[in-house]
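The values are calculated or read from the model by the stated rules, or taken from the named source; none is laboratory data. What you are looking at is a predicted structure, and each value in this text was computed from that prediction instead of being measured. Virtual Cβ from ideal backbone geometry, glycine too; neighbours counted across all protein chains shown. Just the protein is used for accessible areas: all its heavy atoms, side chains included, with ligands, DNA and RNA removed. Shrake-Rupley method; radii C 1.70, N 1.55, O 1.52, S 1.80 Å.
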Amino acid sequence: MRLCENNSYISGVKQKCRKIISNVLKGFSLTTAMFIFQACYGVPAAFPNALVEGRVVSNKNNRGIEGIKVSFGYYYQRDTSYNRYSDSCTVTDNHGYFSFNTSIEGRGWSETVFFDDIDSTENGLYENKTVEIEEADEVYINVVLNEIEQDSTSF
Amino acid sequence: MKSNRIALRFNNFFVNNERAIHELNYLFWECTRRCNLNCRHCGSDCAADYKVKDMPFEDFLNAILPLKKISKPDTITIAITGGEPLLRKDLPECGTELRKNGFLWGIVTNGYVYNADIHRRLLSAGIGAVTLSLDGLADNHNWLRNNARSFANAVTALDLIASCGRLNYDVVTCVNKKNIKELLPLKEFLLEHKVRQWRLFTIAPIGRAFGNDDMQLSNEQVLYLMNFIYEARKDKRMRTTFSCESFVGKYERNVRDNCFFCRAGINIGSVLIDGSISACPNIDRAFVQGNIYRDNFTDVWNERFEIMRNRKWTRTGSCLNCKDYKYCKGGAMHLWDEKRDNILTCLHQQILSAEHTL
Ligand code: SF4
Ligand code: SF4
């Protein structure tokens, strides 16, 4: 029994040593690409990204708002105007919750989450909003949108 | 050309160490056998509406979740492959769940149905890598892919992928007898489309390509390919590499960043469409090590795969008296079949033969 325990202890230590050697070799490797491998029909090592989650509620009753488009992106300048770029988005569910992944590290520009009411008066009419976020692995945002009073006499 | 003897010795030490550790970093998931193209060289024999059902995502997820106990999930890239993975309508949901559990993921696609909407949905689901196949300029690509619109659609995908800073992506080209003549214009084309990584490989004599003479390169063409990649790598605008598929003698480290190392079963595993547990999906199914519907994936990874981690059995056939065996160790696992009596092809021997006749 004792011998058995000793053997597994020794093989555990050996495995740890090998891992240390492996990390050192990767560090000293002729190129760091030694570790970034891919098989013939495989993809390159995937870039990490961050989970952005949260809830959108109404300023009137604090209830979740369905149908708000939540997108992540930034503004860029072209000639004299500012344009919006966004490459990941989702729409809030019937309780106002949303969740999506996006890259928020190392892009070197201001990171913005856009909240847009895209279903017009369905589920109420709300002002759009933007929220700035910081680099992180996980972001949780609670947002309150202001309801726009609808003028019923205009019809 | 870089001399590589020291690097090869260093690599030997590194490979032996990696074999002993066998840490899983790369996991293929063959999520479907359905495909929207019918490529002449396909390593699998997929077809649209192929009778094999897609694997339910929960089955795959339940099989891999225990991996979180033995390694950090963000050290494992899940390479979702097929068939054509984009034919799965639930792909973004699968990706979202993988990210929620910490795994990184990417897809290998022919780009045929890749459009702006899918691109956005995949990004929102946390995709981190894409490999797109482009096998030549329009005529050759369409010929190989057996479809007149495949090139135009793949280029649409390419522009979306290349313009997005959030993806680690590359373009892969299967070099064959037809497209080898247009590698230079293809390189220019990729540069015009802002591609930063290009990977070339030859077509193995397996799957549909078996016995197809238009597919396999002659000895002289293999030599030409090595020299083409060697020259292309001097152009720093794009990182051009040869794939992992073969030991290539003096071209080692001149056509890729690192020396040949077939990581199948050492760092690379797979869950195939029927639940089989193996390594790269192009490996002969005779080497399957278990099945997620019967076995615990983590146990299989930890305790089996001996045949891929100890390759002494490959010292047979052409490899028996090969003087570079100590560096190559029997070549690519996907080039062995169940008989295990000879490697199906060897690019290094082809290069030596071509040089000999010069
Ligand atoms: S089996 Fe083939 S594709 Fe897989 S790692 Fe080995 S050489 Fe590369
Ligand atoms: S003959 Fe075998 S050991 Fe020699 S280079 Fe070819 S595959 Fe490798």
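Every condition in (1) open to solvent by 20 Å² or more (accessible area, probe 1.4 Å); (2) more than 14 Å from chain A (Cβ to nearest Cβ); (3) modelled with pLDDT under 95 is met by B:Ser150 except one, and the failing one is (1).
Considering only residues in the stretch B:53-92 that are assigned to a loop (DSSP other than H, G, I, E, B) and closer than 24 Å to B:Asn302 by Cβ, the one that is nearest to the other protein chains (Cβ to nearest Cβ) turns out to be B:Ile76. Could you tell me which residue of the stretch B:237-260 is most open to solvent (accessible area, probe 1.4 Å), considering only residues that are more than 12 Å from ligand 2 (Cβ to nearest atom) and hydrophobic (A, V, I, L, M, F, W, C)? Among those residues, the one meeting the criterion is B:Cys244. Checking each residue in the stretch B:225-258 for being of a type in the set (Asp, Glu) and within 16 Å of ligand 1 (Cβ to nearest atom) picks out B:Glu245, B:Glu252, B:Asp257. Looking only at the stretch A:105-127, decide whether some residue is open to solvent by 70 Å² or more (accessible area, probe 1.4 Å) and at pLDDT 90 or above. There is at least one residue in the stretch A:105-127 that is open to solvent by 70 Å² or more (accessible area, probe 1.4 Å) and at pLDDT 90 or above. Here the condition is being in contact with a strand residue (DSSP E or B) (Cβ under 7 Å, 6 or more places away or on another chain), at the interface with chain A (Cβ under 9 Å from one of its Cβ atoms) and in a loop (DSSP other than H, G, I, E, B); of B:Gly126, B:Gly111, it holds for B:Gly126 alone. Checking each residue of the stretch B:317-336 against the condition of being under 24 Å from B:Met1 (Cβ atoms), away from ligand 2 (no atom under 16 Å from the Cβ), open to solvent by 60 Å² or more (accessible area, probe 1.4 Å) and at pLDDT below 95 gives no match.
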